[in-house]
Amino acid sequence: MQVEKKVLYDILLKLRPGLAKKEIIEQATHFIFTGDDIAVYNDRICITFPFKSDFKCSVKGEEFYHIISGAPQEFIDIKLDKEQLKIGSKKIKAGLSTLVDEASKVEDYIEKIKKDRDTVKWLPLPSDFIQGAFFCMFSASKDMVKGPYTCIFVQDKNIYSTDTLRASHYIMKDKVDKTFLIRAKDVAELVKFAVIEYGMSDNWAHYATEDGLEFSCRHIKEEYPYPEKVKTLFNLKSGTTLEFPKELKSTVDTVSVLAQGDVDINKLILVEIKKNEIHCSAQRERGWVEKSVDIKYDGPTVSFYINPIFFSQVLDKIKTATVSQDEHKAVFKSENFSHIIALPMEEE
């Protein structure tokens, strides 16, 4: 079949963020052609975009993406020839293996998820849902035994998250019709897409963009214990207000290069607020980095670990923080977002 390069490339570009970085299952790093869609699937997440093809197969995603992106012609011929997907035009020819171990094939799972989508009632998402989900995902626990604390919780206009040592609360512009949980590691993938609606079945949570991309992840049905306490957590009886210097954002960005953590959502840097100075540092096996910036502060030293990607984004919204040594916490607050960090208690 002949395809327009730009159309195919644009679809691959949309789906590429969903390709697994590591091959957890064999097809997790593949683009999968179903005949009606191109899909990516990794046992936790399934993402599809409509694309009619006269063949069904799967190919290594990064290899296929780079071949298509490098094709100079406006139209490309693609055909399945035995165990190879052949790509050709006047100036480029390639063949990619479509061999997949029979036990690793996921096409049947993708079809079941697509049928499941057809059963749900689609509901609108607030226009700033993705922004709120992004800000809150960093406060969820990374420890899978903590169940709902590994999730963000969405209720009415609110998005909540906590790992019991830190917590985030985002107030959206509009309400959601149905309360739901999403695991933070799934949110880290979901926020790459401009989803505008959602639907829930017993087993799957589905999200869709305006242009037809559909994102599905496991539906978490546990009870979330946190929202009842959120208002009291973010209220401080007393504390010192700090005004962050403009240079802090670039300082955080510099230090983040060596932040510990395998993936973005797990990265951490150490922030220490000392007399007239904010000191940021990071260390991992291959090296370390530290950088300071001046600040007007004359209180006791305050230290905490924080995700540098999150902190950098927050500094665009929040210019001050309130630190309470008596209550052992620091609160960052803007009009629609609040973040709290528990501070270490001094030993007696």
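Just give me the residues in region 328-348 being out of contact with any Phe, Trp or Tyr (no Cβ under 8 Å at 6 or more places or on another chain) and crowded, with 18+ Cβ neighbours inside 10 Å, in sequence order.
Once the filter is applied, which keeps residues that are out of contact with any Phe, Trp or Tyr (no Cβ under 8 Å at 6 or more places or on another chain) and crowded, with 18+ Cβ neighbours inside 10 Å, region 328-348 yields LYS329, PHE332.
Can ASP326 be described as without any contact (Cβ under 8 Å) to a residue 12 or more places away in the chain and not in a helix (DSSP H, G or I)?
No, not satisfied.
When residues of region 34-54 are filtered for being out of contact with any Phe, Trp or Tyr (no Cβ under 6 Å at 6 or more places or on another chain) and over 15 Å from ASP108 (Cβ atoms), how many remain?
9
Just wondering, is there one or more residues in region 121-135 that are among the charged types (D, E, K, R), surrounded by 18 or more Cβ atoms within 10 Å (Cβ to Cβ), out of contact with any Phe, Trp or Tyr (no Cβ under 9 Å at 6 or more places or on another chain) and under 25 Å from GLU189 (Cβ atoms)?
no
Pairs, please: C-beta under 9 Å, at least 6 apart or cross-chain, first residue closer than 20 Å to ARG218 by Cα and not assigned by TED's automatic domain parsing to the domain that holds SER104 and in region 35-63, second among the charged types (D, E, K, R) and surrounded by fewer than 20 Cβ atoms within 10 Å (Cβ to Cβ)?
Within 9 Å, no pair qualifies.
Among (1) aromatic (Phe, Trp, Tyr); (2) outside any loop (DSSP other than H, G, I, E, B); (3) at pLDDT below 95, where does PHE134 come up short?
(3)
One residue is enough: does region 104-120 have a residue meeting the conditions under 19 Å from LYS333 (Cβ atoms), surrounded by 14 or more Cβ atoms within 10 Å (Cβ to Cβ) and either within 22 Å of the chain's Cα centre (by Cα) or not charged (D, E, K, R) (or both)?
Within region 104-120, none of the residues are under 19 Å from LYS333 (Cβ atoms), surrounded by 14 or more Cβ atoms within 10 Å (Cβ to Cβ) and either within 22 Å of the chain's Cα centre (by Cα) or not charged (D, E, K, R) (or both).
Only one residue in ILE159, ILE182, ILE196, ILE152 is surrounded by fewer than 20 Cβ atoms within 10 Å (Cβ to Cβ), among the β-branched types (Val, Ile, Thr), in contact with a helix residue (DSSP H, G or I) (Cβ under 9 Å, 6 or more places away or on another chain) and in a strand (DSSP E or B), so which one is that?
Checking each option against the conditions leaves just ILE196.
Is it the case that region 72-84 has a residue that's under 22 Å from the mean Cα position of the chain (by Cα), farther than 30 Å from HIS169 by Cα and not in a strand (DSSP E or B)?
Checked region 72-84: no residue is under 22 Å from the mean Cα position of the chain (by Cα), farther than 30 Å from HIS169 by Cα and not in a strand (DSSP E or B).
Please indicate, with yes or no, whether at least one residue in region 306-317 is of a type in the set (Asp, Glu) and either under 28 Å from the mean Cα position of the chain (by Cα) or buried (at least 16 other Cβ atoms within 10 Å of the Cβ) (or both).
yes
Which residues, taken from region 20-40, are surrounded by 13 or more Cβ atoms within 10 Å (Cβ to Cβ), at pLDDT below 90 and under 20 Å from SER69 (Cβ atoms)?
Within region 20-40, just ALA20 meets the criteria.
Would you mind telling me which numbered condition in (1) out of contact with any Gly (no Cβ under 8 Å at 6 or more places or on another chain); (2) in a helix (DSSP H, G or I); (3) surrounded by fewer than 18 Cβ atoms within 10 Å (Cβ to Cβ) ASP43 fails?
Exception for ASP43: condition (2).
Take residues that are within 30 Å of ALA39 (Cβ to Cβ) and tell me which of the strands (runs of 3 or more DSSP E) falling wholly in region 207-323 contain 2 or more.
214-218
Residue under question is SER141, and the condition is that it be in contact with a helix residue (DSSP H, G or I) (Cβ under 6 Å, 6 or more places away or on another chain) and either exposed (fewer than 14 other Cβ atoms within 10 Å of the Cβ) or assigned to a loop (DSSP other than H, G, I, E, B) (or both); does it hold?
The answer is yes for SER141.
So which of THR241, THR254 is touching a residue at least 24 places away in the same chain (Cβ under 8 Å), under 20 Å from PHE337 (Cβ atoms) and not basic (Lys, Arg)?
Exactly one of THR241, THR254 is touching a residue at least 24 places away in the same chain (Cβ under 8 Å), under 20 Å from PHE337 (Cβ atoms) and not basic (Lys, Arg), namely THR241.
The values are calculated or read from the model by the stated rules, or taken from the named source; none is laboratory data. The model shown is predicted, which means the values in this text are computed figures rather than measured ones. So basically every Cβ, Gly included, is an ideal-geometry build from the backbone, and we count neighbours across all protein chains shown.
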